[in-house]
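The structure appears right after this line, and notes come after that.
The values are calculated or read from the model by the stated rules, or taken from the named source; none is laboratory data. Remember, it's a predicted structure, so these values are computed and weren't measured experimentally. As a convention, Cβ positions derive from the backbone with ideal geometry for all residues, glycine included, and neighbour counts pool all protein chains shown. Heads up: the accessible areas ignore ligands, DNA and RNA and are worked out on the full protein's heavy atoms, side chains in. Shrake-Rupley method; radii C 1.70, N 1.55, O 1.52, S 1.80 Å.
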Amino acid sequence: MEKLKRFLNIIYILWIRQIKRYFRSRARVISALAQPLLFLVALGFGFNSIFMQAGKGNYIEFLAPGVIAMTVVFTAVFSGVEVISDRQFGFLKETLVAPVPRSAIMAGRTLGGATVAVIQGVIVFIASLFVGFHPNLTGEIPVTLLFMFLIGIFSTAFGTAVGSVLQDMQAFPLVINFLFMPMFFISGALFPLENLPKIINYIAVFNPLSYGIDGIRTMLTGSELARFSLMSDFLVMGVFSLALIFAGAYLFSKIEA
Amino acid sequence: MEIIQVKNLVKKFNGFTAVDGINFSIDEGEIFGFLGPNGAGKTTTIRIFTTLTKPTSGQVLINGYDPIKDPDKVRSSFGIVFQDPSLDEELTAYENMEFHGIFYNVPRPTLKQRIEDLLKFVEIWDRRDYLVKTFSGGMKRRLEIARSFLHHPKILFLDEPTLGLDPQTRDHIWRYIKDLNKKEGITVFLTTHYMEEAERVVDDLAIIDHGKIIARGTPEEIKAKTNKTSLEDAFLVLTGRSLRDEESNGIDNLRIHKRLWKS
Ligand SMILES: Nc1ncnc2c1ncn2[C@@H]1O[C@H](COP(=O)(O)OP(=O)(O)O)[C@@H](O)[C@H]1O
Ligand SMILES: [Mg+2]
């Protein structure tokens, strides 16, 4: 009991640290929002007519959930770079010489990164209402948030794992772009996959992000656009998130500051 | 009681021997100076003591515990001021202290009072709600010192605590350290480049060069052995080099510059 309380205290202080740092860094907030908004406006208006001609309805209705998911996913995965910057600023040592389980540090970082990412996602959701997105809220808002949170956890753990292995700040975005971008692009977030080659659709079935994004889309626009059942969305995303937390915790525990 | 014991400690980096079979022990409650030129192996030794690096061979006991077998027991026994900065610059001074307190399980009710006392002690209580990135190098150091003994450690490791600071700030820092040693009975293990300062502060010392301990004793004993009147000259006799020359060594200069630029 005492141990659990201590574990939770550590998670809490790491979590609140990340929230504070996030709200203090306005540049980070703005730059993380600029890109999704640009996507919404440029892609939304640019491709709308093609999309409509293809008989798929309004593209913005398809795109907005994808862009919201994109915001969460990329804010989260890039929060992994904080492991590297904490190392460079020396703060990582402060945490590593403390009598604290590495798993608690990893859990706190992951929750903090995911929370910040969900906050960004919610801001983009609100912004999307102003550029013509009409969500059809089929379910409860908390379930939508849960899906955002799951892809946030998944992506933060992924970023933290990469950040634990790399020493170099410049290498981080390169590795993420190489490993993570393809996963994102074949997740069906920004364009429907049905008309793409079959092989891509097969791969997408093994892509955990497909499920998280499908969950968000189902919650925001109803089930016509859904590809999987909500339950499989939840299970696949949950299992993969847990697996990545363990992988990340393992790699993080190997760090020498 | 011997609070630190080291037997045949060796650390190799890909064949290069940074720490070459050192042996010594330190009595509880003393201020111990670990002195030596750049690259002698001081920081590597501290990293082994503090569970950050595993030794290649040899034994270490910190407060009776082995850093490899019992890392958490060792970690609860010491506080440390690292050679390089280790604060979260995006947090305030108070938040840095609070974070540390939670990490070391300092009970909430006493934590507040303890933080207040310590920040007053190092004279940054007035600036407690400022972000650390607005602090000067000296203030950051003071904050790190206050933070390092927030959790009442038995041992305090200070790796070049005054490097790159102006003489007045250096004086202050030594005064805090002496006070602490007296008031809280903490054993202090420090490394420094500044021999005159070491001479004023330490009870006992070892000189390390090329990973080997080449002298051990009180400042008086070492001066007597080398027939010199200052530790500085004794050091010159023992290592064939003066620490002053070493001070302008490249790595150190870089470090000083980094610190100045960051502050
Ligand atoms: N991680 C490392 N990899 C390779 N060599 C290292 C590493 N850390 C330290 N060294 C080398 O070990 C020697 C001792 O370094 P260090 O303990 O930092 O010396 P000091 O603190 O006495 O200046 C130096 O020659 C340094 O270059
Ligand atoms: Mg050193």
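Please name which of A:Phe125, A:Leu220, A:Ile105 has its Cα lying farthest along the dipole of the range A:2-253 towards the positive end, using unit charges on Cβ (Lys, Arg +1; Asp, Glu -1) and the Cα centre as origin.
Value: A:Ile105.
Considering only the other residues whose Cβ falls under 9 Å of the Cβ of B:Asp88, what net charge follows from Lys and Arg at +1 and Asp and Glu at -1?
-3
Counting only the heavy atoms of the protein chains, how much of B:Lys225 is accessible to a 1.4 Å probe, in Å² to the nearest 10?
Here the residue's solvent-accessible area equals roughly 150 Å².
Tell me which residues come under 5 Å, amide H to amide H, from B:Thr53 once H is placed; ignore anything under 5 positions away on its chain.
Under 5 Å from the amide H of B:Thr53 lie the amide H atoms of B:Ile48, each far enough along the sequence or on another chain.
On average, how many beta carbons from a partner chain sit within 10 Å of the beta carbon of a residue in B:78-86?
Taking all residues of B:78-86 together, the mean is 3.
Give me, ordered by chain and number, the residues 5 or more places off B:Val19 or on other chains with an amide H under 5 Å from its own placed amide H.
Result for B:Val19 returns B:Lys11.
Can you run phi through the Karplus equation (6.51, -1.76, 1.60; θ = phi - 60°) for the range A:57-74 and list ³J(HN,Hα) in whole Hz, with x for Gly and Pro?
Working through the residues one at a time gives x, 6, 5, 4, 5, 7, 6, 3, x, x, 6, 4, 4, 4, 4, 4, 4, 7 Hz.
With the crude spin-label approximation of a point 7 Å out along Cα→Cβ, what separation in nm comes out for B:Arg175 versus A:Glu194?
7.9
What's the local net charge at A:Met219, with K and R +1, D and E -1, over the other residues with C-beta under 15 Å away?
Details: positive: A:Arg217, A:Arg227; negative: A:Glu61, A:Glu140, A:Asp214, A:Glu224, A:Asp233.
My count for the surroundings of A:Met219 gives -3.
What is the distance, in nm, between label points placed 7 Å from the Cα along the Cα-to-Cβ direction at B:Asp126 and at B:Asn14?
Modelled inter-label distance: 5.1 nm.
When only the heavy atoms of the protein chains count and the probe is 1.4 Å, how do B:Thr134, B:Thr218, A:Thr218 rank by accessible area, highest first?
Of B:Thr134, B:Thr218, A:Thr218, the descending order of accessible area is B:Thr134, B:Thr218, A:Thr218.
Apply 1/(1 + (r/R0)^6) to the Cβ-Cβ distance of A:Ser229 and A:Arg24, taking R0 = 45 Å, and write down the FRET efficiency to the nearest 0.05.
My answer for the efficiency is 0.65.
Using the crude model of +1 on Lys and Arg Cβ and -1 on Asp and Glu Cβ, and no other charge, please compute the dipole size for chain B relative to its Cα centre, in debye to 20.
Dipole about the Cα centre, nearest 20: 480 debye.
Select from A:Ile141, A:Ile153, A:Ile176 the residue whose mean-square fluctuation is largest in a Gaussian network model of chain A (Cα-Cα springs shorter than 10 Å).
Ranking A:Ile141, A:Ile153, A:Ile176 by mean-square fluctuation puts A:Ile141 first.
Cα-Cα pairs above 17 Å in the range A:101-217: how many percent?
65
So, counting K/R as plus one and D/E as minus one, what does the shell of residues with Cβ under 12 Å around A:Phe228 add up to?
Overall, the nearby charge balance is 0.
Within chain B, what percent of beta bridges assigned by DSSP are antiparallel, to the nearest 5?
Within chain B, antiparallel bridges account for around 55 percent of the total.
Ordered by residue, what ³J(HN,Hα) values in Hz, to whole numbers, does the range B:81-87 give under the Karplus form 6.51 cos²θ - 1.76 cosθ + 1.60, where θ = phi - 60° and Gly and Pro are x?
Karplus-based 3J(HN,Hα) across the range B:81-87 equals 10, 6, 4, 9, x, 8, 9 Hz.
So what J values fall out for the range B:180-197 if you push phi through Karplus, 6.51 cos²θ - 1.76 cosθ + 1.60 with θ = phi - 60°, rounded to Hz, Gly and Pro as x?
Per residue, the Karplus-derived 3J(HN,Hα) values read 4, 4, 6, 5, 9, x, 6, 6, 10, 10, 10, 10, 7, 9, 8, 5, 4, 5 Hz.
So if I place +1 on the C-beta of Lys and Arg and -1 on the C-beta of Asp and Glu, and nothing else carries charge, what would the dipole magnitude of the range A:2-253 be about its Cα centre? I want it in debye, nearest 20.
On the way: 17 positive and 11 negative charges, 156 e Å.
Roughly 760 debye for the range A:2-253.
Provide, as a two-decimal number, the C-alpha radius of gyration of chain A over 2.2 N^0.38 Å, N being how many residues it has.
1.02
Under 5 Å between amide H atoms, partner at least 5 residues away or on a different chain: which partners does B:Gln83 have, H built in plane at 1.01 Å?
Sorted by chain and number, the residues that satisfy this are B:Asp159.
How large are Rg and Dmax for the protein assembly as shown when only the alpha carbon atoms are used, in Å?
27.5, 96
If each DSSP helix of 4+ residues adds -39,500 (n - 2.57) and the sum is divided by the residues in chain B, what number results at 222 nm, nearest 500 deg cm²/dmol?
Computed mean residue ellipticity for chain B: -12500 deg cm²/dmol.
Select from B:Thr50, B:Ile31, B:Ala18 the residue farthest towards the positive end of the dipole of the protein assembly as shown; place +1 on Cβ of Lys and Arg, -1 on Cβ of Asp and Glu, and compute about the Cα centre.
B:Thr50
Debye sum, Cα scatterers, the range B:2-260, no solvent: what log₁₀ I/I(0) at q = 0.12 1/Å?
-0.71
Springs between alpha-carbon pairs under 10 angstrom, Gaussian network model over chain B: which of B:Gly164, B:Gly15, B:Gly41 fluctuates most?
B:Gly15
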